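Right, one structure below, let's go through it.
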Amino acid sequence: MRVIILDSAKDVAQFAANTIIDTVNRKMRPTLGLATGSTPIEAYRAAIDAYKANRVSFAQTVTFNLDEYIGIKEEHIQSYRYFMNQHFFSHIDIPLSNTFLPSAASLNEAQLHKNAHQYEEAIKKAGGIDLQLLGIGENGHIGFNEPTSSLRSRTRIKSLSESTIEANKRFFKNGEYQPRLALTMGIETILESRQLLLLATGSKKANAVKDMVEGPLTAMCPASALQLHQDATIVIDSEAADKLVMKDYYLWCEQQRQDLE
Ligand code: PGA
């Protein structure tokens, strides 16, 4: 696991955008795994700037998002499809037909199981994911894989935990319906991506970051599953790094890496 500690959230976003751009420029038909939430918004903005400056084209890129709320139509302002169009897709040259999120508008359980299975198949058919972008919940979730999620889980229906519902309340108006179920890629689905890039900023994430990087491998902290991946990079700002016992070591490793380069 590579841990990169940067000064600010802005640096984290720029690092993420550069990694996305490198992947897209290196591959003939790049496949990106994308995330919603407040953390990646600035990274998308920086990638859009790079597109506008002709540093990258997304015309051949295929994307798969981690998750989608159940029972919310794509065009609804609270859907993750809407979020992705608004914050990223509508500003770049990616054909919308190349962008996928779990199909979760239905409230029929059998249909949702079928959609989850089809999502896994679509990822396989696309050749797997080259780079998966991730955030982390205050409770250590990745995607909507809440604590106690199976480390071998695949795309499926998941009930959101109380802490996630509470943390996401800020995106909903008073009295507005807030979904409690989602279709999410599983932990094993995520671990099959060739490269993982997890972003975390701010002091609220410091405990989850510590559990992920330095805690035991446990379903109680789903992000700790990244310890099993061969190419996982954690990019955090100094506030999110605050609880790391081996912080100096991670900084030293990055210094060594730069000297080598
Ligand atoms: P946030 O969400 O970026 O809005 O903090 C991250 C997550 O819950 O995965």
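The values are calculated or read from the model by the stated rules, or taken from the named source; none is laboratory data. Only a predicted model underlies this, so the values are computations on that prediction, with no experimental measurement involved. Here the Cβ is made from the backbone with ideal geometry for all residues, glycine too, and neighbour counts use every protein chain on show. Surface accessibility is based on the protein's heavy atoms, side chains included, excluding ligands, DNA and RNA. Shrake-Rupley method; radii C 1.70, N 1.55, O 1.52, S 1.80 Å.
Sorted by average packing, counted as other Cβ atoms within 10 angstrom per residue and highest first, what order do 138-144, 176-182 take?
138-144, 176-182
Kindly provide the helix-only [θ] at 222 nm of the chain, computed as the sum of -39,500 (n - 2.57) over DSSP H runs of four or more divided by all residues, to the nearest 500 deg cm²/dmol?
-10500 deg cm²/dmol
Would you kindly state how much longer the chain becomes between Ile77 and Arg170 on full extension, computed as 0.36 nm times their sequence separation minus their alpha carbon distance, in nm to one decimal?
Gain on stretching Ile77 to Arg170: 32.1 nm.
How compact and how long is segment 1-73, expressed as Rg and Dmax of its alpha-carbon atoms in Å?
Answer for segment 1-73, Rg first and Dmax second: 13.5, 39 Å.
Leaving ligands, DNA and RNA out of it, report the carbon-plus-sulfur percent of the accessible area of the chain at a 1.4 Å probe.
Answer for the chain is 50 percent, counting heavy atoms of protein chains only.
Could you please state, rounded to a whole Å, how far the C-alpha centre of segment 87-129 is from the C-alpha centre of segment 63-85?
For segment 87-129 versus segment 63-85, the Cα centre distance is 10 Å.
Let me check against my output: what whole-number percent is the relative contact order of the chain, with C-alpha pairs under 8 Å and at least 6 apart?
Across the chain, relative contact order equals 25 percent.
Please get the size of the charge dipole for the chain, origin at its Cα centre, with Cβ charges of +1 on Lys and Arg and -1 on Asp and Glu, quoted in debye to the nearest 20.
Value, rounded to 20: 560 debye.
Please name which of Pro179, Thr36, His229 has its Cα lying farthest along the dipole of the chain towards the positive end, using unit charges on Cβ (Lys, Arg +1; Asp, Glu -1) and the Cα centre as origin.
Toward the positive end, the furthest listed residue is Pro179.
Would you mind putting 188-201, 69-82 in packing order, based on average other-beta-carbon counts within 10 Å, highest first?
188-201, 69-82
Just want to confirm a number: the relative contact order over segment 135-261, from Cα pairs under 8 angstrom separated by 6+ residues, in percent.
30 percent.
Taking the chain as a Gaussian network, Cα atoms linked when under 10 Å apart, which of Ser238, Ser106, Ser224 shows the biggest mean-square fluctuation?
Its mean-square fluctuation being the largest, the pick is Ser106.
Which entries of Lys204/Lys243; Lys52/Lys125; Lys10/Lys158; Lys169/Lys204 have Cα-Cα distances beyond 20 Å here?
The pairs that break the limit, which is 20 Å between Cα atoms, are Lys52/Lys125; Lys10/Lys158.
Please work out the Kirkwood hydrodynamic radius for the chain, using every pair of different C-alpha atoms, and report it in angstroms with one decimal place.
Result for the chain, one decimal place: 18.5 Å.
Treating only the Cβ atoms of Lys and Arg (+1) and Asp and Glu (-1) as charged, compute the dipole magnitude of segment 17-75 about its Cα centre; round to the nearest 20 debye.
Taking the Cα centre of segment 17-75 as origin, the dipole is about 360 debye.
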